[in-house]
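J.: Before anything else, here's the structure in question.
The values are calculated or read from the model by the stated rules, or taken from the named source; none is laboratory data. This is a predicted model, so every value here is computed, not measured. Glycine also receives a Cβ, built like all others from the backbone with ideal geometry; neighbour counts cover every protein chain displayed. Note: areas computed on protein heavy atoms with side chains; ligands, DNA, RNA excluded. Shrake-Rupley method; radii C 1.70, N 1.55, O 1.52, S 1.80 Å.
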Amino acid sequence: TSLTEQSLVLDAVEVTAKRKSGTEVSVVSEIRQLANIAVGVSSQQITKTQDRDASQVVRRVPGVSIFDDRFIVVRGLNERYNTVLLNDIITPSTEVDVKSFSFDLIPSSAIDRMMVFKSPSADLPGDIAGGAIKIYTKTVPDGDNLSMGFTIGYRGNATGANIMDYQGSNLDAIGFGGNYRSLPSSFPSTKKVITEASSEAVIDRFRNLNPYYSATNKTVTPDFRGNINLSKRFFIGNKELTTISYVNYSNTNTYQQMLQNRFLFDESLQSTFKDDNFTNNVRLGAMSNWALILNPRNKIEFRNIFNQLASKETVIRKGTLFENNLETSNQSFRYEQRSILSSQLNGTHELSDKTRFKWIGGFGYTQRTEPDFRRYTSSRELGTEGPFKIDLQQFESPTLQQAARFWSNMDEFVVTGTATVDKVLGTKHNDNEKNKILKLGVYSEYKDRYFKARWFGVVNPNRVDASITTQKPEDFFTNENLRASRVFYSEGTNFDDKYTAQNLLNAGYVSFYMPLTSKLNATIGFRGEYNQQSLQSRERGGGQKVDVDNRIFSPMPSLNANYKLNDKNMIRLGYGSTVNRPEFRELAPFTYYDFIFDVSRRGNKDIKVANIHNFDLRYDFYPSPGELITFGAFYKKFINPIEAAIFYNGSTVAFTVANSESATSSGIELEVRKNNTKNF
């Protein structure tokens, strides 16, 4: 046997790899290369800290704080001045009244990285002043994985406590208890209830509703959390399909004892409230992200997040009204249910070595219901020991505060589309900081909201005596007392308890990155936003039409410059013009009674868009690839800022919003990021 020598020429072997974006080094590198001022958190850092969800993650960002897991404060500016983007699409608000995003909706294990942009640039939304928070979720796993887990937690001052709670439904445990409390579709119309409130037919329909009062003592159970995570990679020929999916559930309880004092203008005490507040919070969430990797230059991603949230609240209040010489005993039973869906389809395409194209289509839906919100007040003369008397109107016109039942429903749809092109001009260098880069982009968003509320209150036009009104609440709020000759329900729904609203935002931007010298570079940008905000409603009482139609074009120039002292030291300078627009709720004349703060809230159709000039200066020091130390200062000038305001509605105080003439905000920031990992 003999061996024959033979030569073969192989084709070129191409090795491709995906750049990891969730490591500490990659995030610090991204911050270093950004034109504007930003901070970030990587998935690697999240793993180390073992944060549970995005609300805990964002708390670690310097200059950022969050309260109630959904209201974010950046540089001392509240949620109205901050915008949250999920994978580069503005998230739908999870609240009716304000612009906010529930950060606890996203589990930390789903986050690739989180970036907080504190200075404006052309590619960021124009409706910011504090910052733009970008959350990027994972689509490409490292490999196949299936995991699950659950925890039982003890919460101080809650678990094991003996509290008062009202009766709900079996579906409360999964966040779908709203249907049990909903007003029947066949319930008499507003006109019929108003004109025939004392008729037996109408009274009988109220008798068939869920019991008004059902509060009993119970022991608070421990918190429970559970999750199932699935990661999978499929290969279809030379293409790859990946998925990362999660299902999360939590059932938690809080119990707070709160004291509120209200003072008059002369600093004398007007009233005091002592509240026992028990809240059960349920969240059922699911996320399913998919990626189709066609080749190293083209990728299609499909991201979906759904969350069902519910909050069941019981408030037992004891108070003193010094002005009226009264002692009060009030209670409220509230349930809020929210369904939030966000879906995105996007593509990333490397058209050439110099050109990158990205597009996104998004759909969002939010439904919020507040079914059968019950509250009542009762009082007795201060210093006496007699029974409390249920407070009722002495004629057929109820109030939102006294023995009322309130239903509301909001549906909001959001459709979004965006496209961006990044192009390197001239010769392309391996060092990206030496490339001249032109960025072009368009963004379009249409939002449609429908809101409707309906409410009733027990009234006493028959002037029934104290033998009935001084009964204990569990005895007074029974069907036995609902009679034409005793007390009965009357409708308080008014013209302003309904509104529809739409918002169309079209934006385009261009920015140009210029390496002026080996040490100095600048990014000049311009963003133009055309916003049309519309709202239709009616005024309380007379029913005059409210027709808001605000159309405004906002030009927003920006400039960001970086001067590199050396490889480890850099000075950043930034300026940008931005705006702050009113929310739908802030324009609507709808009046809402806030039991917790004992105030009414309503909108103001005459609110104007605020303009903000933002100035930033920061020094960066990068000791190593995964470490940084920054020290910065900022100054903001507001023109026509939108702020909370007070107006007097008869003898009561109500909250609204209004424009101030001007305002300023300034501060300094320090961030230190140390990498404790040692290399051997």
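J.: Out of the residues in region 572-591 that are part of a strand (DSSP E or B) and open to solvent by less than 30 Å² (accessible area, probe 1.4 Å), state the one that is farthest from SER666 (Cα to Cα).
T.: Only one residue tops the list, namely THR591.
J.: Which of the residues belonging to region 592-606 are in a loop (DSSP other than H, G, I, E, B) and among the acidic types (Asp, Glu)?
T.: Of everything in region 592-606, those that are in a loop (DSSP other than H, G, I, E, B) and among the acidic types (Asp, Glu) turn out to be ASP598, ASP606.
J.: Would region 556-563 turn up any residue that is assigned to a strand (DSSP E or B) and under 30 Å from ALA404 (Cα atoms)?
T.: No, there is no match, as no residue in region 556-563 is assigned to a strand (DSSP E or B) and under 30 Å from ALA404 (Cα atoms).
J.: Give the residues of region 337-369 that are free of Cβ contacts under 8 Å to residues at least 40 places away in the same chain and open to solvent by less than 30 Å² (accessible area, probe 1.4 Å), sorted by residue number.
T.: Residue satisfying the conditions is SER339 alone.
J.: Within region 482-502, identify whether any single residue is closer than 30 Å to THR469 by Cα, among the acidic types (Asp, Glu) and more than 25 Å from the chain's Cα centre (by Cα), and answer yes or no.
T.: Within region 482-502, one or more residues are closer than 30 Å to THR469 by Cα, among the acidic types (Asp, Glu) and more than 25 Å from the chain's Cα centre (by Cα).
J.: Go through (1) assigned to a loop (DSSP other than H, G, I, E, B); (2) at pLDDT below 75; (3) open to solvent by 10 Å² or more (accessible area, probe 1.4 Å) for LYS48 and report which single condition fails.
T.: All conditions pass for LYS48, except number (1).
J.: Would you say ASN210 is closer than 21 Å to PHE477 by Cβ and either part of a strand (DSSP E or B) or touching a Leu at 6+ places or on another chain (Cβ under 6 Å) (or both)?
T.: The answer is no for ASN210.
J.: Same structure, new question: Any residue at all in region 111-118 that is farther than 25 Å from ILE228 by Cα and part of a loop (DSSP other than H, G, I, E, B)?
T.: yes
J.: Here is a follow-up. For ALA132, only one of the following conditions fails: (1) open to solvent by 30 Å² or more (accessible area, probe 1.4 Å); (2) of a type in the set (Gly, Ala, Ser); (3) closer than 18 Å to VAL41 by Cβ. What is its number?
T.: (1)
J.: Against the condition modelled with pLDDT of 90 or more, in contact with a helix residue (DSSP H, G or I) (Cβ under 9 Å, 6 or more places away or on another chain), open to solvent by 10 Å² or more (accessible area, probe 1.4 Å) and of a type in the set (Asp, Glu), how does GLU627 come out, does it pass?
T.: Judged against the criteria, GLU627 is not a match.
J.: Assess whether THR219 counts as being open to solvent by less than 20 Å² (accessible area, probe 1.4 Å), among the hydroxyl-bearing types (Ser, Thr, Tyr) and out of contact with any helix residue (DSSP H, G or I) (no Cβ under 9 Å at 6 or more places or on another chain).
T.: It is false that THR219 is open to solvent by less than 20 Å² (accessible area, probe 1.4 Å), among the hydroxyl-bearing types (Ser, Thr, Tyr) and out of contact with any helix residue (DSSP H, G or I) (no Cβ under 9 Å at 6 or more places or on another chain).
J.: Among the residues of region 244-252, is any at pLDDT below 95 and surrounded by fewer than 16 Cβ atoms within 10 Å (Cβ to Cβ)?
T.: Taking every residue of region 244-252 in turn, none turns out to be at pLDDT below 95 and surrounded by fewer than 16 Cβ atoms within 10 Å (Cβ to Cβ).
J.: Moving on. What is the number of the single condition among (1) of a type in the set (Asp, Glu); (2) open to solvent by 40 Å² or more (accessible area, probe 1.4 Å); (3) in contact (Cβ under 8 Å) with a residue 60 or more places away in the chain; (4) over 26 Å from PHE406 (Cα atoms) that ASP598 does not meet?
T.: (4)
J.: Just to be sure I understand, how many residues within region 495-511 are open to solvent by 50 Å² or more (accessible area, probe 1.4 Å), more than 22 Å from ALA610 (Cα to Cα) and modelled with pLDDT of 95 or more?
T.: 2
J.: Continuing with this model, one more query. Looking only at region 598-610, count every residue that is closer than 20 Å to VAL548 by Cα and either hydrophobic (A, V, I, L, M, F, W, C) or out of contact with any helix residue (DSSP H, G or I) (no Cβ under 8 Å at 6 or more places or on another chain) (or both) and tell me the total. Steps first, please.
T.: The first filter runs over region 598-610 and keeps only residues closer than 20 Å to VAL548 by Cα, leaving 601-610.
Adding the requirement that they be either hydrophobic (A, V, I, L, M, F, W, C) or out of contact with any helix residue (DSSP H, G or I) (no Cβ under 8 Å at 6 or more places or on another chain) (or both) leaves 601-602, 606-610.
Residues meeting the conditions: 7.
J.: Now for a different question. So, GLY178, is that one more than 30 Å from ASN210 (Cα to Cα), in contact (Cβ under 8 Å) with a residue 12 or more places away in the chain and over 16 Å from the mean Cα position of the chain (by Cα) or not? Even if it seems obvious, please write down each step before you answer.
T.: Values: more than 30 Å from ASN210 (Cα to Cα): no; in contact (Cβ under 8 Å) with a residue 12 or more places away in the chain: yes; over 16 Å from the mean Cα position of the chain (by Cα): yes.
Here the answer is no, as GLY178 does not meet what is asked.
J.: Now for a different question. For region 332-385, which residues satisfy the criterion of being hydrophobic (A, V, I, L, M, F, W, C) and assigned to a strand (DSSP E or B)?
T.: Here is the first cut: in region 332-385, the ones hydrophobic (A, V, I, L, M, F, W, C) are 333, 340-341, 345, 351, 357, 359-360, 363, 373, 382.
The answer is PHE333, ILE340, LEU341, LEU345, PHE357, TRP359, ILE360, PHE363, PHE373.
J.: Look at SER147 and say whether it is among the small types (Gly, Ala, Ser), over 28 Å from PRO107 (Cβ atoms) and surrounded by fewer than 16 Cβ atoms within 10 Å (Cβ to Cβ).
T.: no
J.: Let me ask you something else. Which one of these is over 21 Å from the mean Cα position of the chain (by Cα), part of a strand (DSSP E or B) and either at pLDDT below 95 or surrounded by 16 or more Cβ atoms within 10 Å (Cβ to Cβ) (or both): THR420, THR427, THR416?
T.: The match here is THR420.
J.: Among residues belonging to region 658-680 that are in contact with a Leu (Cβ under 9 Å, 6 or more places away or on another chain) and surrounded by 13 or more Cβ atoms within 10 Å (Cβ to Cβ), point out the one that is modelled with the highest pLDDT.
T.: Restricting to residues being in contact with a Leu (Cβ under 9 Å, 6 or more places away or on another chain) and surrounded by 13 or more Cβ atoms within 10 Å (Cβ to Cβ), the top hit is SER665.
J.: Working carefully through the options ASP616, ASP606, find the one that is of a type in the set (Asp, Glu), at pLDDT 90 or above and closer than 20 Å to GLY40 by Cα.
T.: On the way: ASP606 fails: closer than 20 Å to GLY40 by Cα.
Being of a type in the set (Asp, Glu), at pLDDT 90 or above and closer than 20 Å to GLY40 by Cα holds for just one of ASP616, ASP606, which is ASP616.
J.: Quick one: how many residues across region 79-109 are open to solvent by less than 20 Å² (accessible area, probe 1.4 Å), under 21 Å from ALA38 (Cβ atoms) and not hydroxyl-bearing (Ser, Thr, Tyr)?
T.: 9
J.: Same structure, new question: Taking region 386-406 as the search range and keeping residues that are among the small types (Gly, Ala, Ser) and in a loop (DSSP other than H, G, I, E, B), which one is surrounded by the fewest Cβ atoms within 10 Å (Cβ to Cβ)?
T.: Looking at residues that are among the small types (Gly, Ala, Ser) and in a loop (DSSP other than H, G, I, E, B), I get GLY386.
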